[in-house]
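Taking it in order: structure first as structure tokens, then the write-up.
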Ligand SMILES: *Cc1c(COP(=O)(O)O)cnc(C)c1O
């Protein structure tokens, strides 16, 4: 099955009992047992729900893994995966991971004895240098937010294998339509499905795919024990969103390319961060491991005052957190998503006060460019 077909025919595409071509929402908590312990495979909806199961089978197929899991948010998914570790274990992570990932590692899981080190994972030597006797895993996000740094998934995967480490990839930005980390050697793939997979700014959810039956059993044990599951209604919304994921990603891609061309030619734009640009430091790696460069772009307009002027004038780019939906969004990372990072550290990373991040939607590209042109003038 090719990618676009799999989005529609992967997983469990229709309901066996009724033939319904849209998989039904099984709004149910418990299931009749014919005898004690004799049941249809479903006992209680925290353990398993048919609609959630259909979604879990679908994301498993899309990522090419052994088992899929759906959680109540991306953070619930990430936390459940980290619960595979024991007190005393150590994890190496990308230095500019999603702020919530940084927070859960350094403010919650650290209290349970799970230790973490953050390094620039685009540089394998930095990963190697962070290795400790108790290191159990490497966790990368690629491309990153908001600077769109790209880690070589295959290179890190093969290094992690030699050290017996689990290798995990947050694939939120590129989605399974453009990038399949398991094919490149990852053990676990994670998504904030709140973003492109849902795609319509109407659901908060997280997905995980593992590439090993035993890992699958372990993660199901954690999911069932800690209970951060996705409800049937939201599972259905994701199944529905995924049907158009290919069309949407193609549209995001084509709009983004046009917008980047426009930004390149604009005198008020000092620097552009986009993996599709030939002068992006990891352009060749991005080209090698992803089918597309995605719909996220950051650019520097030089100062907070310039950024504020831009924010005031845009009409179609909505000032909001989040990303990956049909509508275009705009944000200023230094004062929004990355405000909790100390100013000095932000400066080191390149997250300046003039940095603007856009999530390019699927509106008409000409309208989006006119909007930016007007706002930048
Ligand atoms: C949003 C996001 C998360 C967290 O997901 P939620 O659904 O908001 O809990 C994790 N990783 C990345 C890359 C994200 O963008």
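The table for this structure:
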| quantity | calculated |
| --- | --- |
| Residue satisfying all of: in the range 298-333; within 15 Å of the ligand (Cβ to nearest atom) and within 16 Å of residue 353 (Cα to Cα); modelled with the lowest pLDDT among these | 333 |
| Which listed residue is more than 28 Å from residue 321 (Cβ to Cβ) and touching a residue at least 60 places away in the same chain (Cβ under 8 Å), from 131, 190, 184, 148 | 184 |
| Given (1) more than 12 Å from the ligand (Cβ to nearest atom); (2) within 19 Å of residue 55 (Cα to Cα), number of the condition residue 161 does not satisfy | (2) |
| Residue within the range 302-320 that is in contact (Cβ under 8 Å) with a residue 60 or more places away in the chain and under 21 Å from the mean Cα position of the chain (by Cα) present | no |
| Filtered residue count, the range 132-150, keeping only those that are away from the ligand (no atom under 13 Å from the Cβ), buried (at least 22 other Cβ atoms within 10 Å of the Cβ) and assigned to a loop (DSSP other than H, G, I, E, B) | 1 |
| Complete set of residues in the range 297-327 that are touching a strand residue (DSSP E or B) at 6+ places or on another chain (Cβ under 8 Å) and more than 23 Å from residue 96 (Cα to Cα) | 310, 311, 314, 317, 318, 327 |
| Subset of the range 152-171 [outside any strand (DSSP E or B) and crowded, with 24+ Cβ neighbours inside 10 Å] | 153, 156, 171 |
| Lone unmet requirement of (1) more than 16 Å from the ligand (Cβ to nearest atom); (2) buried (at least 18 other Cβ atoms within 10 Å of the Cβ); (3) more than 23 Å from residue 227 (Cβ to Cβ) for residue 64 | (2) |
| Test: residue in the range 110-131 that is part of a helix (DSSP H, G or I), in the same structural domain as residue 9 (by TED's automatic domain parsing) and within 16 Å of the ligand (Cβ to nearest atom) | no |
| Test: residue in the range 210-217 that is away from the ligand (no atom under 16 Å from the Cβ) and assigned to a strand (DSSP E or B) | yes |
| Conditions (1) free of Cβ contacts under 8 Å to residues at least 60 places away in the same chain; (2) under 21 Å from residue 222 (Cα atoms); (3) surrounded by 15 or more Cβ atoms within 10 Å (Cβ to Cβ): number failed by residue 59 | (1) |
| Of all residues making up the range 30-46, the number that are in a loop (DSSP other than H, G, I, E, B) and either surrounded by 15 or more Cβ atoms within 10 Å (Cβ to Cβ) or in contact with a strand residue (DSSP E or B) (Cβ under 7 Å, 6 or more places away or on another chain) (or both) | 4 |
| Residue 214, sole failed condition from (1) out of contact with any helix residue (DSSP H, G or I) (no Cβ under 8 Å at 6 or more places or on another chain); (2) within 27 Å of residue 349 (Cβ to Cβ) | (2) |
| Selected residue (criterion: nearest to the ligand (Cβ to nearest atom)) from residues of the range 92-101 that are in contact (Cβ under 8 Å) with a residue 40 or more places away in the chain and either part of a loop (DSSP other than H, G, I, E, B) or within 16 Å of the chain's Cα centre (by Cα) (or both) | 98 |
| Filter result for the condition that a residue is away from the ligand (no atom under 13 Å from the Cβ), within 28 Å of residue 355 (Cβ to Cβ) and not assigned by TED's automatic domain parsing to the domain that holds residue 350, over 220, 200, 252, 191 | 200 |
| For residue 73: the one exception among (1) surrounded by fewer than 23 Cβ atoms within 10 Å (Cβ to Cβ); (2) away from the ligand (no atom under 16 Å from the Cβ) | (2) |
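The values are calculated or read from the model by the stated rules, or taken from the named source; none is laboratory data. What you see is a predicted model; the values in this text were computed from it and never measured. Every residue, glycine among them, receives a Cβ derived from its backbone with ideal geometry; neighbour counts consider all protein chains shown.
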